Amino acid sequence: SAVQTGVQTVAIGQERVSIVLVDGIAYVTGNRQGLTSYMGLPASIAPALAGQWISIPPTDRGFRSVISGLTLSSALNEVTPAGSISQGKRKTLNGRSTFSISGTGSTGQARTSLFIATNGNRLPVEAVAATGSGKSVSGEIVTFSRWGEKVHTPKPATSVPIPSLSTGSTSSG
């Protein structure tokens, strides 16, 4: 993630989707399951689009939900604990000494822990959000690294514009 760009890969069961935000356009690719379940595209067109990039302009009604969490500010907003905050234990993550703060996640449901570097610039290193318990736990892990480095997000060479599809829009993201 950067100020105006980002890349996200989603894997939920058999669903696979990758989302890229570059030059103000969202690009999505995925397998049939990801395009139907996660992106909300009709099952009738998903097999033909699987593996292809689909471009979504900011004028599309689903654009905001598709790019949610891709820019640095939106990613940080999604993983910042809220509500009753507690400080957790110190832990080494990605070779960095961290401490955690925990609270309710941005959705108001998932317990979220944000791990912050204890030395140097106290920047986020990782965030973990989880719901459920036992074998029914599901969650998300977001890793922050390479702070201060210039981000280059490649634009897909070719894409199918979503307005050209019979659906005209995505429904989720």
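The values are calculated or read from the model by the stated rules, or taken from the named source; none is laboratory data. Since the model is a prediction, treat every value here as computed from it, not as a measurement. As a convention, Cβ positions derive from the backbone with ideal geometry for all residues, glycine included, and neighbour counts pool all protein chains shown. All accessible areas refer to the heavy atoms of the entire protein, side chains included, with ligands and DNA or RNA removed. Shrake-Rupley method; radii C 1.70, N 1.55, O 1.52, S 1.80 Å.
Whenever you get a sec, line up Ile162, Ile85, Ile116, Ile141 from highest to lowest accessible area (probe 1.4 Å, protein heavy atoms).
Ile141, Ile85, Ile116, Ile162
Search the structure for amide H atoms under 5 Å from the amide H of Gln4, placed 1.01 Å from N in the peptide plane, and list their residues when 5 or more places away or on another chain.
Amide H to amide H, under 5 Å and 5 or more residues apart or across chains, Gln4 pairs with nothing.
Figure the gain on full extension for Ala11 and Thr80 (residue separation times 0.36 nm, minus the Cα-Cα span) and round it to one decimal in nm.
Length difference between fully extended and current span is 22.7 nm.
Considering only DSSP states other than H, G, I, E and B, which trypsin sites (Lys or Arg not before Pro) in the stretch 25-117 qualify as loop sites with at most 16 other Cβ atoms within 10 Å?
Those satisfying the criteria are Arg61.
Wrap a convex hull around the Cα atoms of the stretch 1-69, take a quarter of its surface area, and give that in square nanometres.
4.4 nm²
Measure off 7 Å from each Cα along the Cα-to-Cβ vector at Lys150 and Ser138, then give the distance between these two points in nanometres to one decimal.
4.1 nm
With only alpha-carbon atoms in the gyration tensor, what are the semi-axes of the equivalent ellipsoid for the chain, in Å, largest first?
32, 19, 13
Can you tell me the accessible area per residue over the stretch 1-45, all protein chains present, probe 1.4 angstrom, in square angstrom?
Accessible area per residue, the stretch 1-45: 47 Å².
Counting only protein heavy atoms, what percent of the accessible surface of the chain is carbon or sulfur at a 1.4 Å probe?
Summing carbon and sulfur atoms, their accessible area is 51 percent of the total for the chain.
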